[in-house]
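In what follows, a structure is listed as structure tokens, so that the remarks can point back to it.
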Amino acid sequence: GESVGLHLPTLSVQEGDNSIINCAYSNSASDYFIWYKQESGKGPQFIIDIRSNMDKRQGQRVTVLLNKTVKHLSLQIAATQPGDSAVYFCAETGNQFYFGTGTSLTVIP
Amino acid sequence: NAGVTQTPKFRILKIGQSMTLQCAQDMNHNYMYWYRQDPGMGLKLIYYSVGAGITDKGEVPNGYNVSRSTTEDFPLRLELAAPSQTSVYFCASKDKRAGEQYFGPGTRLTVT
């Protein structure tokens, strides 16, 4: 089956610093990837997506980088704020969505 | 729009009992999904549907059933509850032309 994993289960950053969350995937045929944010007690919320024909996409304070050669993507959050504290999941998708196990981001005030 | 709604929010079942988790969306999305999330883990796909009358199995379908008689509703049925089904269940939907899924708030189920 598909395998989507994250490199670190937890990440702590100082408020105002940049955060980088990494994710590896196994299916080289995957053509669409999404990052989700999940706050405690809530469902996942879409952050940003990227298609396989791109290597970088930027949103508001977030950037996703895709390296198809090593099957790796990362989520960069600029000027991390306390409200960014959550679990972050990457997902790859065809007909079905395959989610990684998540990285828990803690922002230290 | 209410988005994706799920009921109940919490439920405790005894082993062997049955129940239906309700999911509804008001965005006219074709695609709907059921996931389970075990503590400290990512989401695992149980079943999905690409339109009314069409359902298909995901990664972990055993012990569950679904139906999709309307575009709006996608109930998940547990026939004989087992402790291994203790989890948080999320329903999601998406438009067939878009990639983003919209998730409901989840149902926390405990089987004892």
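Across the range B:87-97, computed HN-Hα scalar couplings (Karplus, 6.51 cos²θ - 1.76 cosθ + 1.60, θ = phi - 60°) run 5, 9, 10, 10, 9, 9, 9, 7, 6, 5, 8 Hz from first to last residue, x flagging Gly and Pro. Sites listed here are chymotrypsin sites (Phe, Trp or Tyr not before Pro) in the range B:10-54 whose DSSP assignment is loop and whose Cβ has at most 11 other Cβ atoms within 10 Å, and the list is empty. The mean sequence separation of alpha-carbon pairs under 8 Å and at least six residues apart, normalised by the residue count of the range A:52-102, gives a relative contact order of 21 percent. Model label sites at B:Lys9 and A:Ser26, defined 7 Å from Cα along the beta-carbon direction, differ in position by 3.8 nm. The phi-based Karplus calculation (6.51 cos²θ - 1.76 cosθ + 1.60; θ = phi - 60°) puts the 3J(HN,Hα) values of the range A:78-84 at 8, 6, 4, 10, x, x, 7 Hz, whole numbers, x for Gly and Pro.
Per-residue Karplus couplings for the range B:50-56, computed as 6.51 cos²θ - 1.76 cosθ + 1.60 with θ equal to phi - 60°, are listed in order as 9, x, 4, x, 10, 9, 8 Hz, Gly and Pro entered as x.
Bridgeable lysines around A:Lys56 (alpha carbons under 29 Å apart, same-chain partners fewer than 8 residues away excluded): A:Lys37, A:Lys42, A:Lys68, A:Lys71, B:Lys44, B:Lys94, B:Lys96.
Around the Cα centre of the protein assembly as shown, unit charges on the Cβ atoms of Lys, Arg, Asp and Glu (plus for the first two, minus for the last two) sum to a dipole of about 240 debye. Summing Cβ point charges (Lys, Arg +1; Asp, Glu -1) relative to the Cα centre of the range B:15-112 gives a dipole of roughly 120 debye. For chain A, a crude dipole built from +1 on the beta carbon of Lys and Arg and -1 on the beta carbon of Asp and Glu, taken about the Cα centre, is about 160 debye to the nearest 20. The value for chain A of Rg(Cα) / (2.2 N^0.38 Å) is 1.00. Scaled against 2.2 N^0.38 Å for its residue count N, the alpha carbon radius of gyration of the protein assembly as shown is 1.02.
Rounded to the nearest 0.05, what FRET efficiency is calculated for A:Met54 and B:Ser84 with R0 set to 35 Å and r the Cβ-Cβ distance? The computed FRET efficiency comes out at 0.30.
Expressed in Å, the radius of gyration and Dmax of the Cα atoms of the range B:1-105 are 13.1, 41.
For B:Gln17, the residues whose modelled amide H falls within less than 5 Å of its own, excluding neighbours fewer than 5 places apart on the same chain, are B:Ala81.
Taken together, the values in this text are just the output of simple stated rules run on the coordinates, not laboratory data. Just so it is clear, the structure is predicted and the values come from calculations on it, not from any experiment. Cβ sites come from the backbone with ideal geometry, for glycine too, and all protein chains shown count toward neighbours.
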